[in-house]
Amino acid sequence: MKRLYIAIIAILMLPTLVLADETVPTPAPGARVESTLPSDYSLDPKKDQFTRKAVVLGLSLGGGYQNVLTQNLYRNTATYTANLRVGAGITEHILVMLSPSINYSRIDSSNFYAFMIPVSGQFFVFRDFYLRPGVGIGISNKTFNGFNRITNIVSKVSIAADVALGYEFRLNKYLAIGPELYYRYMRLPNGSFATQLNMVGAQVSLTSYIKY
């Protein structure tokens with residue numbers, strides 16, 4: 001009977017002995033403790049947060065309506081646009097960038113291209129709503145097929161301006177996407193008169209924020 005009691009007590013104490021064997025020992029004062037966390041683990045919660053203080057790369061695609069005024073003659077056409085943005089975030093609410101764009105339309109059976117390179121500032125005026133005005137230079141190229149050959153008419157370099165209004169949806173800590181409304185203006189000198197372009201439309205904008 002005595003041996004049975006000893007066996008029961010041993011069985012009951014077995015889990016305690018196993019747990020005691022797995023208990024992490026308390027380090028001695030001044031001893032170095034090796035971390036078991038991954039090497040890229042950060043205790044700073046801001047490290048993994050979205051930030052606009054970064055290198056900014058963006059691409060927008062869209063289209064709209066174009067008005068061309070030449071010698072009191074109006075041409076109203078559809079236009080398609082692509083817009084590239086390269087810059088950096090100064091603060092969480094102010095970005096500066098180059099925002100070149102190309103705009104394509106058909107005018108009088110000709111292919112018409114308007115190129116713009118403005119310097120822009122993007123200002124987040126309320127939460128994720130932003131305004132992006134810009135001023136720079138522009139040039140146009142009109143291509144048509146006449147007398148069995150392709151002819152290009154390139155304008156002189158002129159002043160150009162644009163403005164965009166949009167909203168930014170964050171996809172993750174590096175990417176954002178959103179809709180934009182835009183207006184663009186170019187005044188193209190052409191001899192004794194000037195051609196004025198007014199473009200309005202909408203585009204979808206994808207922006208990448210690369211932390212520096």
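The values are calculated or read from the model by the stated rules, or taken from the named source; none is laboratory data. It should be emphasised that the depicted structure is a prediction, and the values quoted were computed from it without experimental measurement. Backbone-built Cβ (ideal geometry, glycine too); neighbour counts: all protein chains shown.
Across segment 129-151, which residue is nearest to Arg170 (Cα to Cα) among those that are among the charged types (D, E, K, R) and surrounded by 17 or more Cβ atoms within 10 Å (Cβ to Cβ)? Looking at the filtered set, the residue picked out is Arg132.
One line per residue, one yes/no per condition, for (1) at pLDDT below 95; (2) within 21 Å of Thr207 (Cβ to Cβ); (3) out of contact with any helix residue (DSSP H, G or I) (no Cβ under 9 Å at 6 or more places or on another chain):
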site: Leu37; (1), (2), (3): yes, no, yes
site: Phe50; (1), (2), (3): yes, yes, yes
site: Lys53; (1), (2), (3): yes, yes, yes
site: Gly62; (1), (2), (3): no, yes, yes
site: Val68; (1), (2), (3): yes, no, yes
site: Val86; (1), (2), (3): no, yes, yes
site: Thr91; (1), (2), (3): yes, yes, yes
site: Ser110; (1), (2), (3): yes, no, yes
site: Arg127; (1), (2), (3): yes, yes, yes
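Looking at segment 129-151, is at least one residue free of Cβ contacts under 8 Å to residues at least 60 places away in the same chain, closer than 15 Å to Thr79 by Cα, of a type in the set (Lys, Arg) and in contact with a strand residue (DSSP E or B) (Cβ under 6 Å, 6 or more places away or on another chain)? Yes, segment 129-151 contains a residue that is free of Cβ contacts under 8 Å to residues at least 60 places away in the same chain, closer than 15 Å to Thr79 by Cα, of a type in the set (Lys, Arg) and in contact with a strand residue (DSSP E or B) (Cβ under 6 Å, 6 or more places away or on another chain).
Do we find that Val204 is under 18 Å from Leu61 (Cβ atoms), surrounded by fewer than 14 Cβ atoms within 10 Å (Cβ to Cβ) and of a type in the set (A, V, I, L, M) in this structure? Taking the combined requirement at face value, the residue satisfies it.
Restricting attention to segment 89-116, the residues that are in contact (Cβ under 8 Å) with a residue 40 or more places away in the chain, surrounded by fewer than 17 Cβ atoms within 10 Å (Cβ to Cβ) and either part of a strand (DSSP E or B) or among the acidic types (Asp, Glu) (or both) total 1.
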